[in-house]
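Questions regarding the structure given below will be posed in turn.
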Amino acid sequence: MTHYTPTSNELQKNIEVISAMEAMASEAVDSYLVEAETAWQPSDFLPEMSSPDAIKEIRELQERASGLPPEVITSLVGNMITEEALPTYTTYFNLIKGVNDEGNIASDKGWVKWSRRWTAEENRHGDLLNKYLYLSGRADMKQVEITIHNLLANGFDPRTEGDPYQAFIYTSFQERATKISHVNTGKLADKDGDAVLSRICKTIAGDEARHEKAYKTFMAKIFEIDPNGALLAFEKMMKKQIAMPAIMMDTAPVDNLFTRFSAITQKMGIYTTFDYAAIIKHLTQLWKVETLTGLTDYAAKAQDYLSDLAERYRKIAERMKEPETVKLAWLVS
């Protein structure tokens, strides 16, 4: 199979397109993100520690959490650890070519402002889930903290090669995947009697849905401006596959924490290969991949590849066997 490699001139064109979308990024800050004073905060969902009823509220939280299956706790921890790697994501976004060429994190330019405000919202997710797990008494927090430490120390490469088009394909896909994972974890929490945790997960998923919509809108604009380049970037990311942000939580070659976490989410129906296929289908339909016209030969081949991709993954999902037993992690022994 022939792989298309963008030339330096084509990459420069991608950078110029993103740079020209600064105003759109500034508008998105106001359209999709929420000011700190009006946004929900972790304390809205947790016991008020200054209250005379704090101990009672903690006991109630622990009583609710006691009914959660170990697999749900493991999945919840994995979701939380993924959210806690925020410094990596902030750095990654500002290294995308055309986003922050001045290297000024305090810049008031559109993309840099977006990256700050987006990650400020994301910061609440790990903060809330971390505190919930700590108070629940269900997780071995020392092991959880070691995992977060390792994830940040190991870094993360989403393999977007500094290309802004590939980066926005990645974030569009990943925000949707994260939303699905939180929604399904919330459903299990509700089923097992923890309505507060269910509300927490669904609230976080609501944030992810707003962020997903923004990134899909950015990418839709890129498809409008440069359909050939957008198709080639989409194809390239799909051929590499979307690497989950928490993949480097453990670098052990066999039976590592991420592999076990992924097996749990597959087994529990929290995030599965069917979901991966459904996201591809959603994005290809949203960006009207199959109906784009006037394409170069390379882009037309990318269009053919992408048009069939969701169905190929769906068939793979049908053939996959559910993991029989999975070694759990991060639990109190």
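Within the range 251-271, can you find the residues that are at pLDDT 90 or above and among the charged types (D, E, K, R)?
Arg260, Lys267
Follow-up question, since we're still on this one. For the range 183-210, enumerate the residues that are acidic (Asp, Glu) and either under 10 Å from Leu76 (Cβ atoms) or over 15 Å from the mean Cα position of the chain (by Cα) (or both).
Once the filter is applied, which keeps residues that are acidic (Asp, Glu) and either under 10 Å from Leu76 (Cβ atoms) or over 15 Å from the mean Cα position of the chain (by Cα) (or both), the range 183-210 yields Asp190, Asp192, Asp194.
Spot the failing condition for Gly137; the list is (1) surrounded by 17 or more Cβ atoms within 10 Å (Cβ to Cβ); (2) more than 23 Å from Tyr92 (Cα to Cα), and only one is missed.
Checking Gly137 against (1) surrounded by 17 or more Cβ atoms within 10 Å (Cβ to Cβ); (2) more than 23 Å from Tyr92 (Cα to Cα), the one that fails is (1).
Now, a different point. Go through the range 63-178 and tell me which helices (runs of 4 or more DSSP H), entirely inside it, have 2 or more residues that are without any contact (Cβ under 8 Å) to a residue 60 or more places away in the chain and not aliphatic (A, V, I, L, M).
Per the criteria, 86-95, 110-136, 141-154.
Please determine whether any residue of the range 295-307 is surrounded by 15 or more Cβ atoms within 10 Å (Cβ to Cβ) and among the hydroxyl-bearing types (Ser, Thr, Tyr).
Checking the range 295-307: at least one residue is surrounded by 15 or more Cβ atoms within 10 Å (Cβ to Cβ) and among the hydroxyl-bearing types (Ser, Thr, Tyr).
The values are calculated or read from the model by the stated rules, or taken from the named source; none is laboratory data. All values reported here derive from a predicted model rather than from experimental measurement. All Cβ positions, even for glycine, are placed from backbone atoms using ideal geometry, and neighbour counts span all protein chains on display.
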